[in-house]
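What follows is calculated from the coordinates using simple rules that are stated; it is not laboratory data. Quantities reported herein were computed from a predicted structural model and do not represent experimental measurements. For neighbour counting, all protein chains shown are included, and Cβ atoms are generated from backbone atoms with ideal geometry for every residue, glycine included.
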Amino acid sequence: FRALKKSTYVLSAALPEVADDGSVISPTDIESDPANATAYFSPLESDDDVERAFQLADEFYNDSSRGGDRLKRPSLLLHVTKDPNAPPPPPPPKYLEDMADPAETESMTMLSFYAFPPEGVEDPETFATSLRNKWRAFGALGRVYVANEGTNAQMSVPTNVLDNFLECCRSIPELGEHMENGINIDPVPLGVEEFQVAGDMNGKPAPPFKALHVRVRNQVVADGLEKALDWQSAGYDMPPLEWHDKLKEAKQTKGK
């Protein structure tokens with residue numbers, strides 16, 4: 001109900017008609033002419049309306065004079081229609097303009113990133129849903145964890161829409177400039193056939209990822225600490241190449 005309430009749909013409810021065998025059927029006048037539903041159904045515009053509809057369903061279920069006792073459980077008919085007064089949908093974001101078809105890609109690109117915005121993620125559940133919706137258009141696969149502290153992602157993206165995907169990520173306030181060292185991108189994409197056997201499942205070749213999973217966790221990094229670290233006070237975050245250079249320098253200095 002709350003999801004529909006936020007969208008461009010109108011939800012209404014009515015008590016059902018009951019067949020002799022106890023099955024729920026739509027009123028015959030609605031079956032013959034769906035336009036009659038407007039008069040038959042009551043709108044659900046608030047939580048009070050929903051509670052009242054449930055109450056009526058209970059009362060009907062306990063009323064043998066109207067056949068409610070033939071039902072297996074309290075029941076309602078729901079009617080969903082487009083809201084004629086809803087504003088038009090927004091134009092598609094620029095990162096989707098003239099985008100190639102991800103289903104036609106010849107390779108998959110592996111990537112990963114962490115993001116720790118200073119203000120954190122206010123509502124991880126809503127943010128996780130938003131990421132799923134935004135990334136669905138790219139045919140992206142992978143495992144993504146979202147928590148109040150930030151985001152941890154290991155993914156594979158069709159190479160022919162990689163630039164569009166990166167632009168999308170940069171446009172998301174909770175990611176964007178807060179991705180630690182940017183997005184780590186494997187420089188060698190995997191061919192579509194190679195991708196299908198690049199992973200391991202119980203000792204057998206399998207794709208690294210089969211679907212996109214965005215899950216909410218208490219922490220995006222399992223560090224075993226009861227209290228999350230303050231990632232904004234974590235010191236200098238050294239990129240991998242600089243780390244290797246420093247190790248090389250240290251070994252050369254030690255050798256002297």
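One table, with the values for the structure above:
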{"read-out": "Segment ASP245-ASN218, length gained on full extension (0.36 nm per residue, minus Cα span)", "value": "6.3 nm"}
{"read-out": "Relative pair counts by distance (%), Cα atoms of segment 74-229, 5 Å bins", "value": "2, 8, 15, 18, 16, 14, 11, 7, 5, 3, 1, 0"}
{"read-out": "Virtual paramagnetic centre 7 Å along Cα→Cβ of SER171, amide N under 19 Å, in segment 96-129", "value": "96-103, 127-129"}
{"read-out": "Packing rank of 154-167, 191-204, where each peptide gets the mean count of other beta carbons within 10 Å, highest leading", "value": "154-167, 191-204"}
{"read-out": "Rounded to 5, percent antiparallel among DSSP beta bridges of segment 129-216", "value": "65"}
{"read-out": "Computed Rg/Rh of segment 138-216, alpha carbon atoms with Kirkwood Rh", "value": "0.99"}
{"read-out": "For segment 68-111: Kirkwood Rh in Å [reciprocal of mean 1/r, alpha carbons]", "value": "16.8"}
{"read-out": "Pair SER23, ASP163: separation of 7 Å Cα→Cβ label points (nm)", "value": "5.7"}
